[in-house]
1. Would you be able to tell me the number of residues in region A:476-510 that are of a type in the set (Ser, Thr, Tyr), within 25 Å of B:HIS245 (Cβ to Cβ) and open to solvent by less than 30 Å² (accessible area, probe 1.4 Å)?
2. Examine region A:515-525 for a residue that is free of Cβ contacts under 8 Å to residues at least 24 places away in the same chain, open to solvent by 20 Å² or more (accessible area, probe 1.4 Å) and among the small types (Gly, Ala, Ser), and state whether such a residue exists.
3. Quick check on my filter: what residues within region A:240-287 are within 23 Å of the chain's Cα centre (by Cα), within 12 Å of chain B (Cβ to nearest Cβ) and either outside any loop (DSSP other than H, G, I, E, B) or of a type in the set (Val, Ile, Thr) (or both)?
4. Could you grab me the full set of residues in region B:528-541 that are away from every other protein chain (no Cβ under 11 Å) and either in a strand (DSSP E or B) or touching a Leu at 6+ places or on another chain (Cβ under 8 Å) (or both)?
5. Quick check: anything in region B:258-273 assigned by TED's automatic domain parsing to the domain that holds B:LYS289 and in a strand (DSSP E or B)?
6. Quick one: would you say A:PRO268 is surrounded by 23 or more Cβ atoms within 10 Å (Cβ to Cβ) and over 23 Å from A:SER373 (Cα atoms)?
7. What are the residues in region B:345-363 that are open to solvent by 10 Å² or more (accessible area, probe 1.4 Å) and within 14 Å of chain A (Cβ to nearest Cβ), if any?
Amino acid sequence: MKLAMKTMLALVLAASVPVAQDAEAGFPGLGAARNPRVEIAWNRLYDFEDIYAHLDRLVAEWPDLLSMQVIGHSVENREMRVYTLNNGATGADTEKPAFWLDGNVHGNEVQGGEGVVYCAWYLLENYGTNERVTELVDRSAFYLLPMQNPDGRSNWFKHAHNAHSSRSGVMPLDRDLDGLADEDGPDDLDGDGSIVQMRKYVPGTGTHRLNRDDPRIMERVPTNERGIRGDWILLGSEGIDNDGDGRINEDSLGGYDMNRAWPSLWFPDHVQFGAGPYPLYWPEARCIARFILDHPNIAGVQSYHNSGGMILRGPGAEVFGPYPRADVSVYDAIGQDGEKMLPFYRYMIIWKDLYSVFGGFVNWTYEGLGIFSFTNEMWASNRNSPDDRVEGGSEGRQWFDDHLLMGAGFVDWHEYDHPLYGKIEIGGFKKDVGRVPPSFLIEEMLHRNAMFVIRHAETMPSVSIAEPVVAELGDGVRTIDVIVSNEKLMPTRSSLAVRDELGAPDLITIEGDGIEVLAGGFRTDRFRPERIDLQDHDPARLIRDEGVGSLEEVRVRWIVRGGGSVTIRVTSEKAQDASRSFEF
Amino acid sequence: MLIPTPMFGVALATLVSATSAPLGDVESLSHARLSEALAAVASEHPDVASLHRVGVSREGRAIEALRLTGTEDPSNHPALLLVANLEGPRVFESGVVLDHARRLANAYESDESVRALLDTTVVWFVPRANPDAAEGRFASPSIERWASSIDVDNDRDGRRGEDGPADVNGDGVVTTMRVLDPEGEWMEDPTDARVLIQADRVKGERGKWRLYPESRDLDGDETFGEDAPRDAQVDRNFASGWEEHVARAGTFPTDEPEARALCEFVMAQKNLALVVVYDGHDNLVEKPKSVADDAAPVKRVPPYGVLESDAELLEEIGREYREQTKNEAKGDGEDAGTFARWCYDHRGLVTLSAVLWNLPDEAPAADEDADAAEGDDGAVTEEAAADEAAPAEEEDDEVSESDAKPSDDAKHLLWIDGAGESWRFVDWTPFDHPELGSVEIGGFAPFARSEPPQDAWTKIADAHFDWFQGLGELLPRIELVECEREKLGTGVWKVTATLTNDAYLPLLSRSMQRTRTTRPAKVSLVLPDGATLLSGNTQELVRDLAGSGGRAEFEWLVHGPDGMELGVSVDSDHAGRAFRKAEVSQ
């Protein structure tokens, strides 16, 4: 069946589904659904159970478009769920180019989970009414895994943490090599549900002083020869020496990094902190890798992280060398659009512009599998206030908290009697300040990122076959000229996949009971038909390992004897197959 | 190094003479019979032997581990692991490992040195780490299998594993085909026409033959045996030096179930202190590549090699190995993605790799077939290496047949002919090939290069057994000595203790100090209620403790009553544990 036909059919089907209430109510110019069939509050963050519950509501509302499968279990036996968004009426998901979207590989980087739910919700709510959404959903599939690290997320929500803790998974690890695992992490000493900082007043012998205008803020006293010392020392995160080894907070929950677990340029823990004993060691990463390997139709990947305002691509490490030029063009086009769609985001190369990452997830999906992949660091703290007068750093954050959060994000310094340090003070920002947006900015972040995912997904390859041109050579021998084109930015095979022989080559075949294929190949000059790379063997089945490139037209010529009904077919792992039948 | 302690001396005296149980024939090494034999050792010696499962292969065969130990609490003693047959064709090595295990189990009751070893050590035997590939040895037709799973599209035609080698002429073995072809790159070795060597146009040589694996052209692309099924090799599927995007390396490290099972097994044995591998790699005969302990990373990647401090120990162990076993067989020098490399590079475990036998490359001495069959090929190999490095001969433009030096394969044939091992080379036999027409099929038979002659088996096994059972003395073992308390004044005590390691290997190899995969020894001062620490840490982690009598000293000041009990404890996962009361010093 031809692609266009399928799309029409899908629209008919979609229109026949009864729509709750009046979909046209409200203001038609708004991007999000005007009168949503499933109401989800997009101004808050959700714990593990709620994320799945929202997606399950979407499945219940759109059972023909969204389905769920469990692909594995986490260390704490939480389900690892992939939700597949696909219109079965236009073909199986595995036959279409697919987009993989996940989030929250770092347990504390929670809003990736909401980002995945939002993207599913947006596509479903707008399917059938918005032309571009409908076309995208009909021609592609989305594999949506809201949480790579559900245990870490759950722990971050349910227990005392700060913005940076609970990044790891929860498999016990003896980080300090004393024979005990996870025995000395931070402690919520005052029982207020937050892990904040400890400071102690040590008049004249400290390293820090209080900011003159705002004593909540600690400033380091510059080293000087006049003997000026601070009155305070900072003692790190709230905690005690739980295991009596003379150190505090040295072996906390887990202590590894599931975004260093992936097979491409993987190095062990002593080279890349957190990598584990071998690639894909943890069950979460392993089941995700298996799913992705089993779905060679995945053409685009986005893995949401949470902080820094970055659109990241590999290489993760300098030693990989540069990406192939043609692939960089595709990356740049999408990444530069992203910078415009996502205020304060910068499009960056991981190793060069951020830091070196060995064994990162999007490094594997591109460097290992040839899939165009990005990681968005979703929260850009400049969004708090684009005004330069509200600087970054402690002052700006404190000002924002005072004026826009009514001080709710900060635990004021208060006294505590510490078993080792004696009289100290505990205080600082709570876990939901710094890496996640305040409630009133969440929806904007989710929407803009979903639009970037859609922009990325819209570039996935789409192959078509133009009307063949048949010419008589006499004696029943004919030439058949066909143009196979890819109307999209993304090639059917990335240059890296071609270079490293990843995945299956594209095939362009001709079939017909009445023809004998005498020769066939790819034309190399549009004006000189005799310039052709002939395929020596089995010319009816042309192998196109380099695929159909970005916006490329591939000219194919066969020389056949005979006639009748003939079918030409293009088979590609990362594009929906195209075929065209004709008679001559 | 290995100071001949009484334990070691006794071992040599008794075992060499007494206990050899003859190794069976190859058929006794099939997966089924090997499993039976392992089970028999376990059931006949329930006091020391137990059978464990490492994992299950891709095709569903059990990977088994036999454990021998007479210790009451095995976790309190260092463990030694012997693994073999990661590479499919080396099934003989499985037999040697089984033989080692059987001999130790048999001798436990009667032999003092064996009892001393097993009562202080846990010894693990994994004779067949890659059972699927090994089955190629027992299949018909006989074919060398290295890979065990996943088909890669080697010829990029969109089909996987559709055109592999096969027994085309039905002679029961899969060998090589040669076809007369003016474009062929191969010519006959002037010293032995059975052997083909690559023609060198620079020397005016012309090719005459084309060579193919014995195969049909099943996909009709006029290439032969170019896309075999099963590409991933277990012993290329480990994470250290893993070759991404190379078919033999597999989809990702540990994707092969055998590789992952071995990793998990190694990680589960927290008391593991030494690994020995009998297979195709070697670091005992040929000195492995080493790097400085503190070699600077290049673009953040540390240069790979055995760290210098460890290499020095390895060299000494290798010297002892060669002296005892007389073995000079070398490996292929390529260790990317191997189990042995992962054990050392990523787990820090001292790992000894030995190639038990290689096809010799000189004629056996007329009167000493058995000796020659042992595979003493070191000198000749060096000579061959020197040949390669030397510039092309300049004195004669035309190399007459009598002057020509035999190629490596021709040298192998000298031995094969002399030893009467004719099964190892299949004479070129004409065959009418369905696609190629007139061809000749023959060449080196499967397993010709890796399997020693039957009459050499016992000798190889004997020599390695004697070496192997001495390895217990290498394993680090910590002891607390000189644990004392001295009264400095009323209620003030100085407590001192010394930790020693009398074994050959250090407590942690240099690599392990880096990988942090085995925890250091923990020395703790045990304080009674009412005592307070005046100086020192109640816990000290000891990373750097040399072997051969390495010492580390500790000191504390304690305040407490005269009659209090003070003690020091030390514990580790892989070198033992101890507690010692601090006695009042005189």
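1. 2
2. Within region A:515-525, not a single residue is free of Cβ contacts under 8 Å to residues at least 24 places away in the same chain, open to solvent by 20 Å² or more (accessible area, probe 1.4 Å) and among the small types (Gly, Ala, Ser).
3. Within region A:240-287, A:ALA285, A:ARG286 qualify.
4. Selection gives B:PRO528, B:ALA531, B:THR532, B:LEU534, B:SER535.
5. The answer is yes; a qualifying residue exists.
6. Against the criterion (surrounded by 23 or more Cβ atoms within 10 Å (Cβ to Cβ) and over 23 Å from A:SER373 (Cα atoms)), A:PRO268 qualifies.
7. Those that are open to solvent by 10 Å² or more (accessible area, probe 1.4 Å) and within 14 Å of chain A (Cβ to nearest Cβ): B:ASP345, B:HIS346, B:ARG347.
For (1) over 36 Å from the mean Cα position of the chain (by Cα); (2) within 14 Å of chain A (Cβ to nearest Cβ), each residue gets a yes or a no:
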position	(1), (2)
B:LEU196	no, no
B:LYS203	yes, no
B:ARG206	yes, no
B:PRO213	no, no
B:ASP219	yes, yes
B:GLU226	no, yes
B:ARG230	no, no
B:ASN237	no, yes
B:HIS245	no, yes
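The values are calculated or read from the model by the stated rules, or taken from the named source; none is laboratory data. Nothing here was measured: the structure is a model prediction, and the numbers come from that model. Ideal geometry is used to build each Cβ from the backbone, glycine not excepted, and the neighbour counts take in all protein chains shown. We work out accessible area using only protein heavy atoms, side chains counted, and drop any ligands, DNA or RNA first. Shrake-Rupley method; radii C 1.70, N 1.55, O 1.52, S 1.80 Å.
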